[in-house]
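Structure, as structure tokens:
All of the numbers you see were taken from the coordinates with simple rules; none came from a lab. The structure presented is a predicted model; accordingly, all values stated were derived computationally and were not measured. Using ideal geometry, Cβ is built from the backbone for each residue, glycine included, and neighbour counts are taken over all protein chains shown.
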Amino acid sequence: MKTGRDIYSAVKRQVRNAGGRTGLAGLGMPGLKARLRAMSCLVGTVCIATGADGLAQAATPDQTQQQATKRVATAPKHTAAAKPATTTAAAKPAGVVNHQDPEVIRVASSRHANDGGGGMMRLETAPHAVQTVSKQFIEMRNPTSTALDLVKNLPSMNVTTPDPSGMEGGQIQTRGLTDLDMGLMLDGAPAAAAKYLNEDIDSENLESVEVTPGSAGTDLPVMSAAGGVLSERSHTASHKFGGMTDFSYGTNNMSREFIRLESGDIGNTGVRSFFSFSNTHSRSWMGSGINSRKHIDFGLQKDWDNGSNARLFVSWNYEDFTIDAYPDSQAFEAYKHNGTGYGRNSDPTSDNYWKNNNDHWNQIFLTAPVHVVLPAKFTFDLQPYFSFGQGWDGSPGNGTPYVSPSGTNANGSPYWDVKQGQNNSTAYFLENEARQVGVVAKMGRHLDKHNYLSFGYWYENNQTIQNYPTSSTMANGADPSPNWAAYQQTGFGTTGVNAGYELHALFIQDTAKYFNDKLQIHAGFKFVMSDAWDKGWTSNPNTGSWVYGKNGTASGRMGANTTEPLPQLSIGYTFNDHHQIYINAEGDFREPSATDLGWLDPQYSKMLKNQYSIKEELGYRYHDKYVMFDLSLFNYNVTNRLMDTYIGANQYMPIEAGNQTMRGFDAMIATRPFHGFSPYASFEYLHATQDSNVTDPNSGITYAAKGKQAIMAPRIMANFGLTYKYKGFFANGSLHYTGPQSVALDNSERIPGYVTDTLSLGYHFKPFMYAKSPTFRLNFTNLTGSIVRTGAMGAIYHGGQQGGSTYPVFYGAANGRLAEGNSFMVEPRFTMTGTVSTSF
């Protein structure tokens with residue numbers, strides 16, 4: 001094979017032979033110019049190749065891999081046909097890409113290359129199930145959407161949300177489990193519970209939402225991932241100064257304003273950042289009530305040439321919203337058939353007055369991941385995270401299931417008269433501190449061209465300090481702050497708890513790739529050591545506000561030291577450009593959360609055992625330039641299932657629900673755009689059974705649940721979506737179906753299947769002055785006006801009243817009564833929201 005030097009010598013000989021003619025006449029020999037051009041191109045090609053080899057030898061393995069990846073992903077298909085340069089700079093040889101120049105055009109052209117169904121599905125290659133919605137789908141949805149709203153059409157997800165304005169989050173059912181069994185993450189750090197997932201980030205700052213329904217990374221800081229992981233990825237700050245803004249207005253007098261400012265690259269520091277603020281206001285869709293939310297996001301990023309990077313994401317959230325009244329079956333049927341509302345009322349003399357049923361909450365979230373590329377093929381990752389919340393819930397405080405302030409009904413049972421003149425009282429859930437702090441440190445090394453080994457340490461401390469005071473309701477019917485001494489009722493003292501856990505974990509994992517990366521093998525092991533506690537406290541009578549450890553006496557303590565081994569193995573093989581198969585197996589555990597422990601009275605309750613799960617997956621993927629398809633078969637065995645039961649006023653109590661088995665499959669299919677259309681469909685079949693009978697600790701009754709359908713585990717779920725884009729116009733419609741399900745552990749209470757729908761329409765206008773991307777869109781939900789129950793608020797042992805576990809409910813202007821069976825989320829009525837947005 002000729003080298004570049006040999007070819008160069010041949011060119012010199014051709015020129016020398018032509019030089020025998022006068023001046024440049026020799027260059028006029030027939031065919032010489034063509035031969036010279038051909039040889040010049042060949043010399044250039046060889047020089048580029050040898051130069052690249054030299055660069056590859058000089059670069060570190062990480063840099064080489066990064067450059068190769070970038071070139072494959074961003075190189076244009078028709079570089080030779082590019083327009084000639086208009087500047088005086090020397091023209092580059094055809095096919096040469098200057099990687100120091102901005103790559104905005106090339107990145108934009110491939111931004112949605114892996115998307116199907118208009119962003120409702122993404123091409124995946126991981127050796128486990130992954131279900132993702134991307135930015136192009138997120139941008140079509142309502143700005144008030146939470147991450148839960150965005151994943152409603154994934155095959156493994158049944159999402160219930162009580163509020164169309166996005167202020168309250170919601171709940172998840174996934175493969176027979178719930179969001180309490182999932183790791184909810186934001187930029188690799190634990191996020192808020194699903195009921196309050198909106199507290200951490202605005203939807204405009206979400207790049208993607210990814211669900212791995214049967215798997216959790218060995219190095220992720222999650223202790224509850226039997227149901228997989230929901231991962232949100234935040235906005236990456238722009239290199240250019242600018243920003244974006246939007247304004248929304250819609251049903252229920254909902255108004256929302258959002259603005260994001262981008263700093264661009266700050267001088268020569270390589271640092272860039274963004275800052276955003278949003279303000280939301282709306283009325284409750286059922287009954288009376290006003291809700292408001294203010295939110296700030298801030299992001300900072302610094303990248304280094306060797307692949308190292310550091311990020312910071314901080315958010316602050318303040319909410320003041322009316323606590324919804326969630327109907328039991330009796331109240332729901334009255335609303336559906338008679339139109340009798342079950343929401344809060346507008347009568348200041350009523351205990352059920354909306355201003356006496358409020359949630360006030362402040363939340364701060366922070367994560368600061370750092371990735372460092374070290375010499376000798378080493379890498380180091382550090383992920384610190386912190387969240388802190390503080391606030392209170394107020395609810396009617398007249399009477400309990402055991403004491404009646406207003407007499408009894410005809411059956412001798414207590415009832416709660418919601419009209420008590422000006423002598424109403426308010427009961428509180430006061431959380432002085434909900435704190436979570438942790439860090440993951442990981443060291444990794446490329447052992448060879450096939451294996452990447454990493455090991456690390458995870459630490460977390462999670463604590464809640466909460467108590468349950470009572471105050472007199474203000475004369476105007478509103479609930480005062482529980483810290484307002486003038487209204488406090490302290491004659492009988494106040495109880496509270498300090499509950500939480502401290503966790504240490506060690507992990508090691510290896511990822512191996514063979515046969516040109518067609519075969520992927522991941523093996524990992526994590527060992528978790530945890531110390532959990534629940535300490536009760538009672539303040540002395542007439543001592544004013546309750547302060548943990550200062551003005552009362554201890555009233556019980558319980559705790560547990562536990563260890564859990566968590567193995568993981570996944571193997572994937574891509575046997576040509578279109579087909580992939582994979583298997584995945586792992587163990588997961590769930591420990592009672594700090595909030596769960598806070599609801600257990602250490603004087604009378606026992607410490608709950610940890611839940612443990614063994615999971616297996618078998619999957620197949622296919623994709624080509626027209627379609628992508630994903631099939632995942634799964635099998636779960638869960639021992640000592642932990643669940644929450646709803647006790648009213650936005651509060652929950654943990655229970656043990658025995659053993660369960662879940663088997664089934666998920667399937668999803670989507671197409672690339674075809675004449676502007678991108679359809680999407682998904683389906684899940686689930687066979688989940690209860691493997692043991694259950695005993696209600698309050699009544700001591702054992703219920704026959706073994707062999708019956710597992711609670712909150714519908715057998716069938718299906719989704720369909722269609723996206724259409726033509727020039728500036730875009731539209732997306734979706735349908736979701738959930739089949740019938742049990743809402744009691746012994747199947748004594750059930751709800752039927754239901755259908756929900758959404759529609760998005762919009763138009764991207766041409767840039768105008770400072771508006772770079774003016775867009776108008778309309779978002780609709782529940783177009784058919786369906787009145788359906790979308791899910792239970794929690795688990796119950798048996799339908800009907802259940803003794804000590806029953807709680808009082810207040811619906812509309814009716815008297816309070818005991819709840820009958822489970823309580824439910826109901827699909828909000830038809831809503832329409834219009835949004836105007838632009839970048840600048």
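Overview of results
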{"read-out": "Counting all C-alpha pairs of the stretch 108-233, share separated by more than 26 Å (%)", "value": "13 percent"}
{"read-out": "HN-Hα J in Hz across the stretch 236-246 - Karplus 6.51, -1.76, 1.60, θ = phi - 60°, x for Gly and Pro", "value": "8, 4, 7, 7, 10, 5, x, x, 8, 8, 8"}
{"read-out": "Amide H within-cut-off set for residue 288, under 5 Å, with H built and near neighbours excluded", "value": "344, 345"}
{"read-out": "Amide hydrogen neighbours beyond the local backbone of residue 797, cut-off 5 Å, H modeled", "value": "745"}
{"read-out": "Label-point separation in nm, residue 695 to residue 478, each point 7 Å along Cα→Cβ", "value": "5.0 nm"}
